[in-house]
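The values are calculated or read from the model by the stated rules, or taken from the named source; none is laboratory data. All figures in this text were calculated on a predicted structure; none of them were measured in a lab. Don't worry about glycine lacking a Cβ; one is built from the backbone with ideal geometry, like all the others, and counts go over all protein chains shown. Accessible surface is based on the protein model in full, side chains and every heavy atom, while ligands, DNA and RNA are left aside. Shrake-Rupley method; radii C 1.70, N 1.55, O 1.52, S 1.80 Å.
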Amino acid sequence: MKKMNILLLIVATLLSSNIVFAQQSDELYLTADEVPNAVYWLPEPPAPGSSQFLSDISQYFWGKQQRLDSLRAQKAIREVVSEVADMAVLFSEAFGMEISAEKTPAIYKVINRGVPTIRLSAAKPKNTYLRKRPYVYFNEPTLIPSEEEHLRKTGSYPSGHTVRGWGMALLLSEINPAAQDELFKLGYEWGQSRVIAGYHWQSDVDASRMLAAACYARLHSCKEFLDDMKNAKKEFEKISRTF
């Protein structure tokens, strides 16, 4: 009887885990098999000793130099966030209005589903290449010491933070085209912050922008995304008229 109870508990736990996973997957617009397969079309990360890798090394030292600017260093630290709610706060000024689940529910919905979907496209190449991060390669400290141990054995190529940041800029610029320049400036700097912080090579960041753009294009074949984006644009226009 005791063994049977343990077995039932294990089965219940597994079923519960599957339900949670299904709920999380339903929040995304695309599945892992539907997002662009970057392992197939995106170039492999530069090999050590190659001219491209020498460029990465040069950019690593450029990033270290940027840390001497306290304002830029603090910006890189702030942009370490990966939750959409935290990103929305930092993107609100460039967007032109406060973005939140309470104030702009339709806009928040499309980025809360869209950004993680775009980020999903980075999972396969990260796990395939498991590229060593620059701070690990040089055995040097970063701007965010609390993240070092956690990310030490994870792949550097491409940059998940950059995919999120560039993806956020793309999504928000579709909703508010008038703010595109400020949004893309922030999205670009978001990726460079990862080089400055010491967590990514420049080629990781460059590849991530291409990957985010590819996944963003793919989203436009998803009816759910198109419906949510339409609602987000209507909400933006309605709120804009009250300014």
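The aspartates and glutamates within cross-link reach of K124, meaning a Cα-to-Cα straight distance under 15 Å and a gap of 8 or more places when in the same chain, are D33, E34, E44, D204. Taking GluC sites (Glu not before Pro) as exposed when DSSP calls them loop (any state but H, G, I, E, B) and at most 12 other Cβ atoms lie within 10 Å, what is the longest stretch of the chain free of them, the sites themselves excluded? In the chain, the maximal stretch lacking such sites is 103-243. Here the scattering of the range 40-103 is modelled by Debye summation over its C-alpha atoms, one equal scatterer each and no solvent; at q = 0.13, 0.20, 0.23, 0.26 Å⁻¹ the log10 of I(q)/I(0) is -0.64, -0.89, -0.93, -1.01.
From the helices alone, meaning DSSP H stretches of at least four residues, give me the mean residue ellipticity at 222 nm for the chain, per-run term -39500 (n - 2.57), in deg cm²/dmol to the nearest 500. Calculated mean residue ellipticity at 222 nm is -22500 deg cm²/dmol. Evaluating 6.51 cos²θ - 1.76 cosθ + 1.60 at θ = phi - 60° for every residue in the range 96-109, the Karplus couplings come out as x, 7, 5, 10, 7, 5, 7, 7, 9, x, 6, 5, 5, 4 Hz, glycine and proline recorded as x.
Diffusion coefficient of the range 33-166 by Stokes-Einstein, Kirkwood radius over Cα pairs, 20 °C, 1.002 mPa s: 127 µm²/s.
Relative to its Kirkwood radius, the Cα radius of gyration of the range 195-243 gives an Rg/Rh of 1.23.
Using every pair of separate Cα atoms, the Kirkwood estimate puts the hydrodynamic radius of the range 150-243 at 14.4 angstrom. Considered as an equivalent ellipsoid built on the Cα gyration tensor, the chain has semi-axes of 30, 28, 18 Å, the largest given first. In sequence order, the range 216-233 has phi-based couplings of 4, 5, 4, 4, 6, 9, 9, 4, 4, 5, 4, 5, 5, 5, 4, 5, 5, 5 Hz under the Karplus curve 6.51 cos²θ - 1.76 cosθ + 1.60, θ = phi - 60°, and Gly or Pro positions carry x. Protein heavy-atom surface of the range 154-243, 1.4 angstrom probe: 57% of the accessible area is carbon and sulfur, with nucleic acids and ligands not counted.
Annotation for the range 184-243: trypsin sites (Lys or Arg not before Pro) lying in DSSP loop with at most 11 further Cβ atoms inside 10 Å of their Cβ are R241.
Ordered by 1.4 Å accessible area with all protein chains kept, H200, H220, H150 run largest first as H150, H220, H200. Largest first, the residues T104, T128 sort by 1.4 Å accessible area into T128, T104. Here the gap between E140 and E98, fully extended at 0.36 nm per residue and compared with their Cα-Cα distance, gives a gain of 11.3 nm. Remark: the range 19-102 carries 62 Å² of accessible area per residue (probe radius 1.4 Å; ligands, DNA and RNA excluded).
Taken per residue, the accessible surface of the range 109-198 reaches 39 Å², heavy atoms only and a 1.4 Å probe.
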